[in-house]
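Report on the following structure.
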Amino acid sequence: MGSALALDPAVLTLIAGMAVVTYATKAGGLWLVGRVDLSERAEAGLDVLPGAVVVAFVAPALANGGVPEWVAAAATVAVARKTGNLLLSLAVGVGTVLAVRQVV
């Protein structure tokens, strides 16, 4: 039996293949968008897409979360609105959820 950290060549090939497909998908999408005239509606949809992705990650955590997650969400929104600094908002949210989990 091999070591738990040993990688089979098939696994490495699979990982490399997934990396190539992921890169090709992203690069191909960027290449295509750069060559196609988008309607205003399509551009508006692409502009709000990052926010929709964030909501897709955050909503389940809030739905299944408790007091720490809700307090952190409120703190994050407050800091984001006050400062407009997303990195600071993220740091405040993570710090708040960790701190409240220690208390609750």
If we keep only residues of the stretch 33-81 that are of a type in the set (Asp, Glu) and assigned to a helix (DSSP H, G or I), then the residue surrounded by the fewest Cβ atoms within 10 Å (Cβ to Cβ) is 40
Among the listed residues 28, 17, identify the single one that is surrounded by 10 or more Cβ atoms within 10 Å (Cβ to Cβ), modelled with pLDDT of 95 or more and over 17 Å from the mean Cα position of the chain (by Cα).
17
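The values are calculated or read from the model by the stated rules, or taken from the named source; none is laboratory data. Everything quoted here is computed from the prediction, not taken from an experiment. Every residue, glycine as well, gets a Cβ built from its backbone with ideal geometry; the counts of neighbours run over all protein chains shown.
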